[in-house]
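Just below is one structure, and these are the notes that go with it.
The values are calculated or read from the model by the stated rules, or taken from the named source; none is laboratory data. Because the structure is predicted, anything quoted here is derived from the model rather than measured. Ideal geometry is used to build each Cβ from the backbone, glycine not excepted, and the neighbour counts take in all protein chains shown. Each accessible area value is taken on the protein alone, full model and side chains, heavy atoms only, with ligands, DNA and RNA left out. Shrake-Rupley method; radii C 1.70, N 1.55, O 1.52, S 1.80 Å.
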Amino acid sequence: MSATTEKPAIQSLDPAEIEAALAARGQPKYRAAQVIRWLYEKRVTSFEQMTDLPVALRADLAEAFEFVRLENLRVLGSEDTTRKYLFKLPDGALIESVLIPASPALYGEASDRRTLCVSTQVGCAYGCKFCASGLDGFSRNLSPGEIAGQLIEAERLSGERVSNLVFMGMGEPLANFANLMRAIDIINSPWGLGLGARHITVSTSGLAPQIRQLADQPRQIRLAISLHGATDEVRGQIMPVNRKFPLAELLDACAYHASKKKQHITFEYILIEGINDEPAHAADLARVAKLVRAKVNCIPYNAVEGLQWKRPSEARQDAFMEVLERARIPATIRREKGHDIAAACGQLRRQQTQPAQPAA
Ligand code: SAH
Ligand code: SF4
């Protein structure tokens with residue numbers, strides 16, 4: 001395994017920085033537009049392929065900048081065509097992205113909605129008790145180019161266009177704030193990948209100060225909170241981050257975000273048997289959702305190899321949803337696609353790095 005190169009990646013730069021790098025090499029302004037077109041429109045995989053640049057300049061750029069490549073090690077596809085991609089980065093780190101087609105039940109048979117779930121870090125430092133991503137701790141942040149590159153590679157490998165992007169893969173996006181914002185810049189801008197801000201969702205385990213920072217930036221990207229418990233008691237049991245940012249502080253930050261953005265937040269709520277799935281827990285959830293006018297998305301827990309948590313029965317799930325319904329909370333339950341291919345974040349990578357464990 002080689003060490004991470006110190007060179008900046010060309011895909012992590014914005015147009016002004018690319019222009020400056022080219023100006024420093026005595027190049028005219030239009031060269032920046034050429035490089036950007038090669039990266040995001042033609043989507044080449046090396047500097048050599050930028051054939052309208054002088055040969056010497058291509059060599060010079062290759063010397064000065066890293067060219068991010070995501071090597072696809074495995075693709076797992078499930079019957080409903082959810083596909084999971086395992087990528088190897090130049091330093092040997094493994095990350096994963098999941099491409100999820102529209103649910104016909106929600107969007108109709110003809111929908112061409114395709115959601116890509118991307119990673120923002122290698123591993124995760126937040127150690128939620130139920131999550132595979134945090135089991136091996138935190139290795140490093142992904143660069144902007146490595147984050148946006150997952151979209152480019154998923155489209156290349158699938159031959160399909162991604163219509164929605166969620167930052168719900170491995171890692172805590174808001175703990176990699178600057179790189180996340182630059183990646184969103186690349187993904188959202190017309191010069192980049194051109195995906196609309198309202199089609200981009202950032203998910204966080206509840207970093208209150210960064211939620212406020214997100215509220216203060218201009219893009220209308222959506223925000224989801226991994227709540228999973230609607231009291232400090234329940235949340236604190238499964239999410240260590242709750243000690244640092246208790247529920248009241250998190251809800252304040254959510255209210256601030258909602259008021260600045262004039263958009264509804266989504267509370268993600270994994271249903272885990274015996275932990276947070278009683279009707280009384282649903283009543284607590286309804287109360288906090290009302291406070292910040294949040295929508296609720298319930299997700300039956302995906303079992304993780306080596307962890308003891310279980311998904312509740314469908315009857316218990318239904319009873320939980322009924323409480324939310326009676327309280328008139330806009331709530332959906334995601335009958336998880338792709339749990340047959342270990343689609344919960346961090347699971348495929350663990351199968352790869354821990355071959356002693358049988359694959360799902
Ligand atoms: N760190 C961020 C984003 C990545 S996790 C966050 O926590 O929000 C994306 C979502 O997957 C979170 O809501 C997380 O709680 C959920 N998740 C993690 N492990 C899961 C599992 N085994 N089954 C179902 N959802 C899981
Ligand atoms: Fe990290 Fe999110 Fe998993 Fe918690 S749920 S360990 S914050 S990736």
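With contacts defined as alpha carbon pairs under 8 Å and 6 or more residues apart, what's the relative contact order of the chain in percent?
Details: 647 pairs, mean separation 49.6, N = 360.
Relative CO of the chain lands at 14 percent.
Where does each of 49-55, 202-208 land if you order them by average Cβ count within 10 Å, highest first?
Result, highest mean Cβ count within 10 Å first: 202-208, 49-55.
Using a 10 Å cut-off on Cβ atoms, rank the peptides 273-280, 164-171, 295-302 from the highest mean neighbour count down.
Answer by packing, highest mean first, reads 164-171, 295-302, 273-280.
Could you report the chain's accessible area per residue, 1.4 Å probe, as an integer in Å²?
44
Given axes a ≥ b ≥ c from the Cα gyration tensor, I'd like to know whether the range 10-64 is rounded (a/c under 1.5), prolate (a/b larger than b/c) or oblate.
Details: a/c = 1.43, a/b = 1.10, b/c = 1.29.
Note, shape of the range 10-64 comes out rounded.
With each label point set 7 Å from Cα along the Cα-Cβ vector, what nm distance links residue 293 and residue 263?
Computed distance between label sites residue 293 and residue 263 equals 1.5 nm.
Show the residues, 5+ positions off or on another chain, whose built amide H is closer than 5 Å to the amide H of residue 138.
Result for residue 138 returns 124.
Residue 203's amide H: which non-local residues (gap 5+, or another chain) put their own amide H closer than 5 Å, with H modeled 1.01 Å from N in plane and none for Pro or chain starts?
167, 224
Rg/Rh for the range 98-196: what does it come to with C-alpha atoms and Rh from Kirkwood?
Reported Rg/Rh (Cα atoms, Kirkwood Rh): 1.01.
Can you give me the distance in nm between label points at residue 212 and residue 14, each placed 7 Å from the Cα along the Cα-to-Cβ direction?
2.3
Can you tell me the mean projection area, over all orientations, of the convex hull of the chain's alpha carbons? Units nm², please.
18.5
For the range 155-172, take each phi angle, set θ = phi - 60°, evaluate the Karplus expression 6.51 cos²θ - 1.76 cosθ + 1.60, and give the result in whole Hz per residue in order, putting x for glycine and proline.
5, 5, 6, 8, x, 10, 8, 7, 9, 9, 10, 10, 8, 10, x, 5, x, 9
Keeping the other protein chains in place, figure out the carbon and sulfur percent of the accessible area of the chain, with a 1.4 Å probe. Intermediate values should be presented prior to the final figure.
Working: 8230 of 15870 Å².
Within the chain, the accessible surface is 52 percent carbon and sulfur.
Post the alpha-carbon centroid distance, the range 104-174 to the range 307-326, in whole angstrom.
26
Between the alpha-carbon centers of the range 33-84 and the range 178-210, tell me the distance in whole angstrom.
If we compute the Cα centre of each part, the gap is 20 Å.
Suppose a student asked you for the relative contact order of the range 10-64, using Cα pairs under 8 Å spaced at least 6 residues apart; what percent would you report?
Numbers: 30 pairs, mean separation 12.4, N = 55.
Across the range 10-64, relative contact order equals 22 percent.
Over the Cα atoms of the range 168-285, what radius of gyration and what Dmax do you get, in Å?
Rg and Dmax of the range 168-285, Cα atoms, are 15.1, 49 Å.
Once phi is turned into θ = phi - 60°, what whole-Hz ³J(HN,Hα) does the Karplus curve with 6.51, -1.76 and 1.60 give for every residue of the range 308-325, x standing for Gly and Pro?
With coefficients 6.51, -1.76 and 1.60, one gets 8, 6, 10, 7, x, 5, 4, 5, 5, 4, 5, 5, 4, 5, 4, 4, 5, 4 Hz.
How large is ³J(HN,Hα) for each residue in the range 45-56, as worked out from phi by the Karplus curve 6.51 cos²θ - 1.76 cosθ + 1.60 (θ = phi - 60°), to whole Hz, x for Gly and Pro?
Going residue by residue, I get 10, 7, 5, 4, 6, 7, 6, 8, 9, x, 4, 5 Hz, with x marking Gly and Pro.
Rounded to the nearest 500 deg cm²/dmol, what is the calculated helix-only ellipticity per residue at 222 nm for the chain, with -39500 (n - 2.57) per DSSP H run of length n ≥ 4?
Mean residue ellipticity at 222 nm (helix-derived): -10000 deg cm²/dmol.
Can you list the residues, at least 5 places off or on another chain, whose amide H is less than 5 Å from the amide H of residue 299, using H built in the peptide plane?
269, 270, 271, 334
So for the pair residue 139, residue 178, with labels modelled 7 Å out along Cα→Cβ, what separation do we get in nm?
2.2
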